[in-house]
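Laboratory data are not the source of any read-out in this text; all were calculated from the coordinates shown. Since the structure is predicted, the reported quantities are computational estimates derived from the model, not experimental observations. No Cβ is skipped: glycine too gets one built from the backbone with ideal geometry, and neighbour counts run over all protein chains shown.
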Amino acid sequence: MSLEFDERDRESIARDIRDGDEEVRRLAVERVDALPAEEAIRLLIECLGDSSWRVRKASIERLVARGETNDVTNALVRALGDGENPGRRNAAVDALIHSGAKAIPALLAERTSSDVDVRKLVVDALAGIADSSASESLQEMLEDPDPNVRASAADALGAIGGDGVPAALIAKAADSDEDQLVRFSAIHALNALEFPVRASELGTVLDDPILGHAGLSLVGRAEGDAEGIAILLKALGSGSRSTREASIRSLLRIVGHVGPEQNHSLMARIRAAALASDRVIASAVERLPEADLPMKLILIQFLGIVATPSAVIPILLAGRDEALSEASLSTLESLGDVAEEIIDAEWSNLDPESRRDACLLFGGITGEKSAARLLSSLEDFSSETRSAAARSIGRRGLDSGLAPLVARLAAAAIEDDFEGEEELAAITDGLIALAAPGPRTGTAVTARAIELLIACLDGAAERVRLAVATVIGRIGRSEDSQIVSFLMKDASSSVRRASVEALARLEPGTAAEPLRLALADESPMVRIAAARALGASENIEVVDDLKRLADDEDSGVRAAAVRSVIFRFAQLSADESQSEMLGVIDTALADDPQVALGALEALCEAGGVAAERAAGILERSEPELVRAAVRCIGMHSELDDLEALFPLIGHPDWSVRAEAIQTLSDRRSIRAMPSILRRLEVEQDDFVRDVTLSALKRLEGEV
């Protein structure tokens, strides 16, 4: 809809659009819709050549947004011929691309223009629009008199594709009389399309000193192309680095797509071809540190296939890059004894980062030298190396590492900083992995671990006691409950909390007396842990304990207790006494936001009859609580009960309105449509309007 305007508006816009201040010019562009269409389009086209990118950007946006499609696209295409202002021509291309498929007819009309630059820009715009309807015309432009236009057409077809495109591109690439730029663009386009090209189809491309390495990137996609594989293997020994790397890239692609038997045979041929030339491996090792990230990944995989000792340390060093760490370690792990032997021999020359990564690697290797290095690395001066060694000892199940790991607990606790915390966590993880009962771990190892942990408690620092409580809780047996009960009397609330959690795991489904005593602990953290543990108990007597905790002075404890009450309630049969528990739930829903929100989240998870209590929250003033109640009702209520949400469609808070409308839409509540339609008439929030429109569309589909 055009805006009202008068002569003063026209004069103001015409004056401001030539102002020296770019912001004044930009604002003038935003106001051109007040002018007649023809004049507005003319001014916007003129502003495409403005020196300010902000003005050009605003002009593009206004042109694309206009309704006069034909007038706008025709004006933009005419602007492509402005040889005096390259900026306007480039901006016109951007505007045509943003216009999308509606600009294609006007562009195709100019594909035979006498101006070669216009033809080139037409192709660029069609490539940017990337609509397959232009494919046939672009194939015709592969025969344009100008090689730059032909090359651009090939590139565009690589982005668009279409019937007959691969064949046309192969013909261009293989045509030895064609311009080199066009042939290269055709090869690049075929790569973009990932079309399977056989080596025999490329004519002289692979022998061409300029195009050869690009052509090699095409080879290997066609199934059963034995000639192509032979060419790639031969190219590994080329004197050109780009040719060698193109060959490596294509060979790895083939390795990733053939079956296991062919894969094994091909990797053996790659290894033999690489070892036949000193240049191949030496060049790859030398190139690895300086290559870009994708090439580094390719070289790591290639050197892993070759399995040469000279590549072990370079691959290890490449793994310092987080993006390459996984590939580096998995490649070295596949080398097994070769990697272990080289790294062990070079250990004294490795920096802390490399020793850390080597310890991570040794967690997946089974040799004696790597086991010895892991044990000795528990005394390394680098905390990161010690942590990596601790976790790898657990991963490998090195029983000989049990006593050294326990001994490291006390030493790590002295480091009162982040590194000390990280090392303690690593030792804890290592001990749990090493000693937890399972197929790999015998009962003797578990018993020995418990014995060593108990022995180190005497006079131990708080962090050691905490680690011991955590480990025993994870690896212990029911007969270890006594030591856990002892730790529940510890002076540290953190230790007591860990002990409560441990006891819950050691005696699942029970309500051990020490656990119930924790309900009166002075620390809220301990009482919260006890509430959670009691919630998992199968003992009906814990309900009274949980009810008492639901009246605790600490809101976090109340929230934890109510969650346990709700989950207990969901497990009760209908003939059991539920009224008291429902009273606890109702009290929690009227409590402070933390407790009420915890109760709502539990009701959402547990569902059942108790979920109906969420309706009582809808009158509360806190939006986050009302939203949670809406979600709960939406998940668990009958369709007729959703009418309780209808008043929330007009709630003062935008987030509540959106949640209510979305929930009613998700539940296909047709009866909500009139209320939602009325809201749409007055809704001012853009997000809520979008949700409302989407909901109406969805509900209309149900009618």
Discussion item. What is the distance in Å between the Cα centroid of the stretch 646-690 and that of the stretch 599-638?
Written reply: 18
Worksheet item: Going by how many other beta carbons lie within 10 Å of each one, how would you line up MET525, MET488, fewest first?
Response: MET525, MET488
Worksheet item: Dipole magnitude of the chain about its Cα centre, charges +1 at Lys/Arg Cβ and -1 at Asp/Glu Cβ only, in debye to the nearest 20?
Response: 1400
Worksheet, complete the sentence: Share (percent) of C-alpha pair distances in the stretch 641-703 greater than 20 Å works out to 12
Worksheet item: What fraction, in whole percent, of alpha-carbon pairs in the stretch 351-476 exceed 22 Å separation?
Response: 29
Response to the item:
Taking LYS369, LYS234, LYS296 and counting other beta carbon atoms within 10 angstrom, the fewest-first order is LYS234, LYS369, LYS296
Practice prompt. Once you have the Kirkwood Rh of the chain from its Cα pairs, apply Stokes-Einstein at 10 °C and 1.306 mPa s and quote D in µm²/s.
Written response: 48
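State the number of lysine pairs found in the chain whose Cα atoms come within less than 23 Å, restricting to pairs 8 or more positions apart or on distinct chains.
On the way: LYS57/LYS102; LYS57/LYS120; LYS102/LYS120; LYS120/LYS172; LYS234/LYS296.
Total qualifying Lys-Lys pairs in the chain comes to 5.
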Worksheet entry | Using θ = phi - 60° and Karplus 6.51 cos²θ - 1.76 cosθ + 1.60, couplings along the stretch 639-645 (whole Hz; Gly, Pro as x) | 4, 5, 6, 5, 4, 4, 8
Worksheet item: Which order do HIS98, HIS213 fall in if you start with the one that has the fewest other Cβ atoms within 10 Å?
Response: HIS98, HIS213
Response to the item:
Sequence order, the stretch 554-565: Karplus ³J(HN,Hα) from phi using 6.51 cos²θ - 1.76 cosθ + 1.60, θ = phi - 60°, Hz rounded, Gly and Pro as x, gives 8, 5, x, 5, 4, 4, 5, 5, 5, 4, 5, 4
Fill in: Under Karplus coefficients 6.51, -1.76 and 1.60, residue-wise ³J(HN,Hα) of the stretch 253-269 in Hz, glycine/proline x
4, 5, 4, x, 10, 8, x, x, 5, 5, 4, 4, 5, 5, 5, 5, 5
